[in-house]
């Protein structure tokens, strides 16, 4: 049986109309997307950010990118609401990992 864990990034975004399109962007990571509706623009930015995080993880650069963007681990354990700045909202961006049971038994030494 495979095991799955999901890490959720709470990411601030901005959504605004630009001509005929609704543009969504996450300035922290310099990722943007668009859609014909606000809902579509939000879905598309979640997908774009998910691919961004997945690619960074696969390339081994996710930690470096997070540090360069000013992030550090929050070891307080507090589940505080993420306040957004004016004109921003916070979206959840999931990143899932799967490990097969055999791989876990054979390799995981943590």
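We did not get these values from a lab; they are worked out from the coordinates using the rules stated. Since the structure is predicted, the reported quantities are computational estimates derived from the model, not experimental observations. Virtual Cβ from ideal backbone geometry, glycine too; neighbours counted across all protein chains shown.
Per-structure values
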{"quantity": "Convex hull per residue volume in Å³, alpha carbons only, for the stretch 19-68", "calculated": "62 Å³"}
{"quantity": "Additional length obtainable on full extension of the chain from residue 5 to residue 72, 0.36 nm per residue less Cα span", "calculated": "22.0 nm"}
{"quantity": "Sorted by Cβ density within 10 Å, fewest first, the residues 85, 51", "calculated": "85, 51"}
{"quantity": "Most to least packed among 32-45, 52-65 [average Cβ atoms within 10 Å]", "calculated": "32-45, 52-65"}
{"quantity": "Residues 26, 69 arranged by fewest to most Cβ contacts within 10 Å", "calculated": "69, 26"}
